[in-house]
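Working notes, structure below.
The values are calculated or read from the model by the stated rules, or taken from the named source; none is laboratory data. Keep in mind it's a predicted model, so treat the numbers as computed, not measured. We place every Cβ from the backbone using ideal geometry, glycine too, and count neighbours over all the protein chains shown. When the accessible area is computed, the model is the full protein with side chains, heavy atoms only, and any ligands, DNA or RNA have been set aside. Shrake-Rupley method; radii C 1.70, N 1.55, O 1.52, S 1.80 Å.
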Amino acid sequence: MPCAQLIRMVPVAVIGSGYVGLVAAACLAELGHEVVCVDVDQERIKLLQSGGVPIFEEGLDALLARHRGQRLRFTCNLAEAVRHARVIFIAVGTPQSPTGEADLSQVESAVISMCPALDSYKVLVEKSTVPVLTSQWIARTLRLNGALEKNFDVVSNPEFLREGSAITDFLYPDRIVVGADTERSRQLLRELYQPLIDGSYYRRADRVDGPADLSGGVYYIETSTNSAELIKQASNAFLSLKVSFINAVSNLCERVNTDVEEVARGIGADRRIGSRFLRAGIGYGGSCFPKDIRAFGKVAEAVGYNFDLLKCIEQINEDQQTGFLKKLRTALWSLKDKRIAILGLAFKHGTDDIRESPAITIVRKILAEGSRVSIFDPAAMQNCRTMLPEGVRIQYARDEYDAVKGAHALVILTEWPQFSNLDLARLHLLMSYPIVIDGRNLYSPAKMSAAGFYYYSVGRPFSEPLSEKYAFALDHTQSQHSLDEKMALP
Ligand code: NAD
C-alpha cells in the first residue's frame, strides 16, 4: 500500500512562485499535501495554470505535471490561499537594498495582505532567506494589522536547495532546519515533513529518485527561530568562504606554477574540510551568496560586531574576476576589435538564472574594452536578451561551434557538462586564434596543449600548443616588452 495514504494531509499555501516557491509547492504536493501557490505576477500564474513552467529546473516540469490540478493549484488570490491553509510558506524575494541590507518589502507586503485571512490558527513559515530577528518583525506587523495572537505563530524553515538540483535537494536534503518557539507550531511542521522525517517517502514506489538512501529518515533539526535564521545566513557565508578560500589558494598556485585541482583534492580529502565548494574559478555569484553575505555583514554591523572576514570573502571574489580578465588581456594583448566567443551566462550549470552571474559581469567588461562577443548558453540566453541586447557587438549563437566561428579567443564562464566535451579539433578549425580562457577548469592543460591550444585556466599552469604550427610566442610570464617583440599574430 502506498505510504502516502497514511500521511496526514496538511493544507498549505506557498506565497511566491519563483525558484524556491515553485519547487517547495511542487515538492510539498509530492509529499501528499494540498498546496495552493500564489504570486502577484499574473502572467506567471496564467502560465502555470495553463501547464507552462516559467523557470528552467531539472525535473520541475514533470513534478508540476504530476500534481497540477490535483494537489497543486495556482492563484493570484492570496486571501483565498491563506484561508485554505494551515501552513503558509513565504517564499518571496529578499533582494539586496541599495545599502546592502536585505530588502524585506516583499515579505512585509505579503504579511500585511494575509492579515484579514488569518481567521483561525495558522503557522507562517519564513522560507525566504531573511536576517535574524525577522520573525519578530513579522509577528509585530501581523499584530499591528489586526491579526489575533492566538491565530498565528511565525516559524523559520530556511531553504538550502541549489538551483540545478533543487527538486532532489528539497526531497533528499542534508538536513531540515525548523526554528520555532512554540510547541503547537513545531508539531504542525513535524506533520508537514513527516514523510521525510520517518523515511516513508523514500520507500514509496513512485518517489522521485534521489542521490541518497534516506529510508531511515532525514536529519531533522529543531531550533529557536533566531537560530534557524542565523543558520541560513551563516551557512551561505561559510560556503562563500570556501569558494573564496580556494580562489585565493589558486592565485598562489599560479605564482608557484602548480595545479590548484591537485591541491584542492588534497585539502578536501580531509573530512573535517570536505571537497565540495573547493573548486577554483571565476568566483561565486547567483541570487543568494552575494546578497546574503552582504546582508549578513549588515546584521553583524547592526548588532555592533565587526565581522571583517565577510568583507575579505567578498574582496577575494571580486579580485578573482579582475584576475580572470587580466588573463584574457594577456592572451590577446588588446581586447579592442577582437571577437570573443563566450560559453556560459548562467551563474552555474543546470539553471537559467543569471542574477549576479559573474559571467555577465565579465561579458560586460569585455564589451567595455571594445570586443565583440558571440554567446552561447543552453538555458540562460533568453533571460539575457534584455540585459545584453543582440546587435552588432553582441550575437547569440545556435550552439558552441556557431559561437566560436572566427573567434580570437574562447572564454568559458559556466560549467555546463556539455562544455567539457567539445570536439577540440573542430573548435580549432573554426577559431581564428587557438586561444581558450577557461574560468571553470573544464579541461586539462595537457589535453589542450596536445589539441593545439594556448590554454589559460584558474590556478593551473598556462599551456601552449605542442604543435610547432601555432607556436608563436605568447608566454604570459614574460614582460609586455618582450611579448611585443616576439608576438607575431597570424
Ligand atoms: P524569485 O525572485 O525567483 O521569486 C520570488 C517570487 O515572489 C516572484 O515570482 C514574485 O513575483 C513573487 N512575489 C513577490 N511579492 C509577492 C507577494 N506579495 N505575493 C505573492 N508573490 C510575491 O526568488 P527566489 O529565487 O525563489 O528566492 C526566494 C527567496 O528564497 C529569497 O529570499 C532567496 O534568497 C531565498 N532562497 C533562494 C534560493 C535560490 O537558489 N534561488 C535558495 C535558497 C533560498
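Of the listed requirements (1) within 16 Å of the ligand (Cβ to nearest atom); (2) open to solvent by 10 Å² or more (accessible area, probe 1.4 Å); (3) of a type in the set (Gly, Ala, Ser), residue 266 misses just one: (1).
Can you confirm whether residue 376 is more than 20 Å from residue 280 (Cβ to Cβ), open to solvent by less than 40 Å² (accessible area, probe 1.4 Å) and among the aromatic types (Phe, Trp, Tyr)?
Numbers: more than 20 Å from residue 280 (Cβ to Cβ): yes; open to solvent by less than 40 Å² (accessible area, probe 1.4 Å): yes; among the aromatic types (Phe, Trp, Tyr): yes.
So residue 376 fits the description; yes.
Quick check on the stretch 445-475: of everything there that is of a type in the set (Lys, Arg) and at pLDDT 95 or above, which residue is nearest to residue 331 (Cα to Cα)? The extreme case among them is 460. Among the residues of the stretch 148-197, those identified as over 30 Å from residue 354 (Cα atoms), assigned to a helix (DSSP H, G or I) and either open to solvent by 10 Å² or more (accessible area, probe 1.4 Å) or within 15 Å of the ligand (Cβ to nearest atom) (or both) are 149, 150, 151, 183, 184, 186, 187, 190, 191, 194, 197. For the stretch 109-147, the set of residues classified as part of a helix (DSSP H, G or I), open to solvent by 20 Å² or more (accessible area, probe 1.4 Å) and among the aliphatic types (A, V, I, L, M) consists of 112, 144, listed by residue number.
For residues in the stretch 273-296 being under 24 Å from residue 258 (Cα atoms) and basic (Lys, Arg), which is nearest to the ligand (Cβ to nearest atom)? Step by step, filter the stretch 273-296, then rank; the result is 276. Of note, residue 21 satisfies the criterion of being within 14 Å of the ligand (Cβ to nearest atom) and either within 24 Å of residue 162 (Cα to Cα) or assigned by TED's automatic domain parsing to the domain that holds residue 158 (or both).
Only strands (runs of 3 or more DSSP E) whose full extent lies in the stretch 1-108 are considered here, and the ones with at least 3 residues that are modelled with pLDDT of 95 or more and open to solvent by 10 Å² or more (accessible area, probe 1.4 Å) are 72-75.
Only residues in the stretch 113-130 that are more than 9 Å from the ligand (Cβ to nearest atom) count as the first member; pair them with residues that are in a loop (DSSP other than H, G, I, E, B), Cβ under 6 angstrom, at least 6 apart or cross-chain, and list the lot. Taking only residues 6 or more apart or on different chains, the pairs are 115/145; 115/146; 115/147; 118/147; 122/86; 125/157.
Just checking, does the stretch 299-310 include any residue being aromatic (Phe, Trp, Tyr), in contact (Cβ under 8 Å) with a residue 40 or more places away in the chain and assigned to a loop (DSSP other than H, G, I, E, B)? No: zero hits. Scanning the stretch 262-296 for residues that are part of a helix (DSSP H, G or I) and either at positive phi or within 20 Å of the chain's Cα centre (by Cα) (or both) gives 289, 290, 291, 292, 293, 294, 295, 296. Residue 246 fulfils the conditions (1) open to solvent by less than 10 Å² (accessible area, probe 1.4 Å); (2) within 16 Å of the ligand (Cβ to nearest atom) except for a single criterion, (2).
Scanning the stretch 58-72 turns up one or more residues that are assigned by TED's automatic domain parsing to the domain that holds residue 154 and in contact with a Cys (Cβ under 8 Å, 6 or more places away or on another chain). Only one of the listed residues (55, 90) is under 21 Å from the mean Cα position of the chain (by Cα), near the ligand (Cβ under 9 Å from one of its atoms), touching a residue at least 60 places away in the same chain (Cβ under 8 Å) and farther than 27 Å from residue 147 by Cα. That residue is 55. Residue 361 meets all of the listed conditions (1) under 25 Å from residue 462 (Cα atoms); (2) assigned to a loop (DSSP other than H, G, I, E, B); (3) touching a helix residue (DSSP H, G or I) at 6+ places or on another chain (Cβ under 9 Å) but one, namely (2). Contact map, the stretch 147-174: residues that are in the same structural domain as residue 203 (by TED's automatic domain parsing) and farther than 19 Å from residue 218 by Cα paired with residues that are open to solvent by less than 20 Å² (accessible area, probe 1.4 Å) and part of a loop (DSSP other than H, G, I, E, B), Cβ distance under 6 Å, separation 6+ or inter-chain. Pairs shown: 147/118; 151/118; 152/118; 155/180; 163/353; 164/350.
Considering each residue of the stretch 313-326 in turn, none proves to be touching a residue at least 12 places away in the same chain (Cβ under 8 Å), under 21 Å from the mean Cα position of the chain (by Cα), closer than 28 Å to residue 23 by Cα and in the same structural domain as residue 442 (by TED's automatic domain parsing).
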